[in-house]
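Let me give you the structure first, and then I'll get to my questions.
The values are calculated or read from the model by the stated rules, or taken from the named source; none is laboratory data. Keep in mind the model is a prediction, meaning the values are calculated, not measured. So basically every Cβ, Gly included, is an ideal-geometry build from the backbone, and we count neighbours across all protein chains shown. Only protein heavy atoms, including side chains, enter the accessible area calculation; ligands, DNA and RNA are left aside. Shrake-Rupley method; radii C 1.70, N 1.55, O 1.52, S 1.80 Å.
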Amino acid sequence: MTIRVLVAEDQAAVRAALVMILRAEPDLEVVGQAADGEEAVRLALELRPDVVLMDVQMPRLDGVSATRQVVAAGAAQVLVLTTFDLDEYVYGALRAGAAGFLLKDLEADTLVEGIRTVARGDGMLAPSVTRRLIGSFARPGRTVGPDVQEAVAGLTPREREVLACIGAGLSNGEIAGRLAMAEATTKTHVSRILAKLRLRSRVQAAILAQDLGLGI
């Protein structure tokens, strides 16, 4: 399967380097390039790529706001590129529904695998971000709102097991192996969990699982 990617980056040289890396991969197709956030949203809505590779600091419309609009429209999964591993943009992008975060100083292989991971429906976080990000947002045992409690109560036992696995950072393939079911079935469960809990991303589901104290 070919993964269609939109690259949104305001610096022309950086954008060209990203496009060159992606075009070298046979399963990735760069379907568009954007130099600012407004153009990124417009092209995402027009082209409906699988993944938008989104820089956070861009003119006209910042990457966080652009992410929020792209995710709200269901136009694509968004993989955010950021310079600093825990700046305010990371938190903002998480709330906006980004599917993952990578740092700009990453290796080419990590970038490519990140895009593939997000396209599969798995969350992607730079290793240096993961522990502090979850630790900053998640508060095990924290009381969640009544609407969230009601939504969680509506999960099936199997969906609760999958949610616990998401909270442990497992990918769809790893969840499938642990719970002895097909990966496609796992993906369906994840989609239903996000819909029932009204969450925009897998990362948000992981944090909620930590809040609820779900373990595996």
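Between 154, 121, 167, where does the largest GNM mean-square fluctuation fall for the chain, given springs only between Cα atoms within less than 10 Å?
154
Another question, if that's okay. How far apart, in nm, are the 7 Å Cα→Cβ label points at residue 19 and residue 158?
4.5
What residues have an amide H closer than 5 Å to that of residue 30, excluding those fewer than 5 places away on the same chain, when H is modeled at 1.01 Å from N in the peptide plane?
Excluding prolines and chain starts, which carry no amide H, the hits are 5.
Relative contact order, percent, of the chain when contacts are C-alpha pairs under 8 Å separated by at least 6 residues?
16
How large is the dipole of region 152-208 about the Cα centre if only Lys and Arg carry +1 and Asp and Glu carry -1, each at its Cβ, rounded to the nearest 20 debye?
240
Same structure, new question: Could you work out which residue, out of 111, 47, 94, moves most in a Gaussian network model of the chain, that is, has the largest mean-square fluctuation with Cα springs under 10 Å?
Highest fluctuation of the listed residues: 47.
Further, regarding this structure: Return one number: the angle in degrees, 0 to 90 and rounded to the nearest 10, between the long axis of the Cα atoms of helix 202-211 and the longest principal axis of the Cα atoms of the chain.
30
Only four residue types carry charge here, +1 at the Cβ of Lys and Arg and -1 at the Cβ of Asp and Glu. Report the dipole size of region 8-103 about the Cα centre in Debye, rounded to the nearest 20.
Computed about the Cα centre, the dipole is about 200 debye.
Related question: For the chain, which whole percent of the accessible surface, found with a 1.4 angstrom probe, sits on carbon and sulfur atoms?
Taking all protein chains in place, the chain shows 51 percent carbon and sulfur surface.
Would you calculate a helix-derived [θ] at 222 nm for the chain, using -39,500 (n - 2.57) for each DSSP H run of n ≥ 4 and dividing by the full residue count, to the nearest 500?
-16000 deg cm²/dmol
Whose amide H sits under 5 Å from the amide H of residue 101, counting only residues 5 or more places off or on another chain, with H placed in the peptide plane?
80, 124, 125, 126
Where in region 47-65 is the amide nitrogen less than 15 Å from a point lying 7 Å along the Cα-to-Cβ axis of residue 38?
Label zone hits: 58-63, 65.
Right, here's the next one. With unit charges on the beta carbons (Lys and Arg positive, Asp and Glu negative) and the dipole taken about the Cα centre of the chain, which residue among 78, 20, 164 sits farthest to the positive side?
164
Roughly how many Å² is the accessible area per residue of the chain, as a whole number, for a 1.4 Å probe?
Ligands and nucleic acids excluded, the figure is 46 Å² per residue.
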